[in-house]
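J.: I have a structure here, written as structure tokens, and I will follow up with some questions on it.
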Amino acid sequence: MDLKDRVVVITGAGSGIGRASALEFAREGARVVVADVNGAGAQETVELIAKLGGQGLAVPTDVANPDSVRHLVEATLAACQQVHVLFNNAAIQVNKTVEDTTVEEWNREIAVNLGGVFLCSKFFLPHLRTTKGCIINMASVNGFFVEPACAGYCATKGAIIALTKAMAIDHGKERRARRRGKTPRLMENRQTQGSWAPRGFSRERRRFLHHRIFGGGGWRLRFWSPTTELSLLLICRRKRLRRLRGRVGALRTP
């Protein structure tokens with residue numbers, strides 16, 4: 001267990017990629033702080049971790065709220081005394097065009113997806129320095145390539161990629177807390193299903209459209225499960241993050 005006794009904070013860990021992340025980190029021996037706006041989902045993740053013989057702590061958190069993020073930091077330190085990894089994963093997706101998106105929906109998407117990365121990184125950085133820790137920011141392939149009716153989400157993910165690079169420039173010289181951006185391939189989850197379902201697109205049609213949008217050039221498109229994605233992320237975390245600062249990885253399928 002390469003991450004034994006390491007403390008990992010994962011936002012948006014009450015479901016999807018976040019939950020899969022929490023379980024994979026727990027299997028590697030890490031103590032996982034499960035942060036999610038859905039407290040019941042966070043607690044369910046902790047119960048799944050316990051079934052694996054791991055240790056988890058559920059902390060209901062709205063990453064768009066500074067006071068809520070401060071509470072997350074305090075709860076983490078009170079229970080674990082230190083933190084080694086911050087995984088900024090929490091996100092929402094509004095499946096609309098710019099014209100159809102309400103001002104409230106736009107502001108909330110920016111606050112959660114981009115603001116959450118800022119707030120969590122800001123308040124955890126001082127504590128990550130003491131452990132020479134690591135920040136992983138979850139971006140998306142939509143930060144490079146866009147898709148229909150997904151304007152706000154694409155905008156936030158592109159911004160996260162730029163923010164990760166900026167953080168590396170500002171803090172990389174400290175040779176302590178490291179930053180890494182992660183851009184997953186297309187995930188099968190409630191968000192992606194919600195994006196395509198209103199237009200009645202089948203799985204095969206979605207594959208075809210993504211090929212047209214993203215193009216060829218070696219990018220073999222595949223629908224991955226969160227578990228597959230996080231297995232690759234953990235390999236990256238264990239073996240390569242020690243040598244990388246501010247890099248943004250977009251995995252290609254074999």
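J.: Strictly greater than 23 Å: what percent of every Cα pair in the stretch 1-159 meets that?
T.: Summing the P(r) tail past 23 Å for the stretch 1-159 gives 36 percent.
J.: Report the semi-axes of the equivalent ellipsoid for the stretch 1-61 in whole Å, largest first, where each axis is √(5λ) for an eigenvalue λ of the Cα gyration tensor.
T.: The equivalent ellipsoid of the stretch 1-61 has semi-axes of 17, 10, 9 Å.
J.: Output ³J(HN,Hα) for the stretch 15-29: one whole-Hz value per residue in order, computed from phi by the Karplus curve 6.51 cos²θ - 1.76 cosθ + 1.60 with θ = phi - 60°, and x for Gly and Pro.
T.: Once rounded to whole Hz, the list reads 6, x, 4, x, 5, 4, 4, 4, 5, 5, 5, 5, 4, 7, x.
J.: Could you list THR130, THR61, THR164 so that the one with the fewest beta carbons within 10 Å of its beta carbon is first and the one with the most is last?
T.: So the ranking, lowest neighbour count to highest, is THR130, THR164, THR61.
J.: Across the stretch 137-150, in residue order, what do the Karplus-derived ³J(HN,Hα) couplings come to in whole Hz, using 6.51 cos²θ - 1.76 cosθ + 1.60 with θ = phi - 60° and x for Gly and Pro?
T.: So the J values, rounded to whole Hz, are 9, 7, 9, 6, 4, 6, x, 9, 10, 9, 9, x, 6, 8.
J.: 5 Å is the cut-off here: which amide hydrogens, built 1.01 Å from N in the peptide plane, fall below it relative to CYS134, excluding neighbours closer than 5 in sequence?
T.: Amide H to amide H, under 5 Å and 5 or more residues apart or across chains, CYS134 pairs with VAL85, LEU86, ARG178.
J.: For a quick check: with amide H placed at 1.01 Å from N, whose amide H comes under 5 Å from GLN55's, ignoring anything fewer than 5 positions away on the same chain?
T.: VAL32
J.: So what J values fall out for the stretch 92-97 if you push phi through Karplus, 6.51 cos²θ - 1.76 cosθ + 1.60 with θ = phi - 60°, rounded to Hz, Gly and Pro as x?
T.: After applying 6.51 cos²θ - 1.76 cosθ + 1.60, I find 10, 9, 9, 8, 8, 7 Hz.
A short reminder: the numbers here are calculations on the coordinates, not readings from a lab. Since the structure is predicted, the reported quantities are computational estimates derived from the model, not experimental observations. All Cβ positions, even for glycine, are placed from backbone atoms using ideal geometry, and neighbour counts span all protein chains on display.
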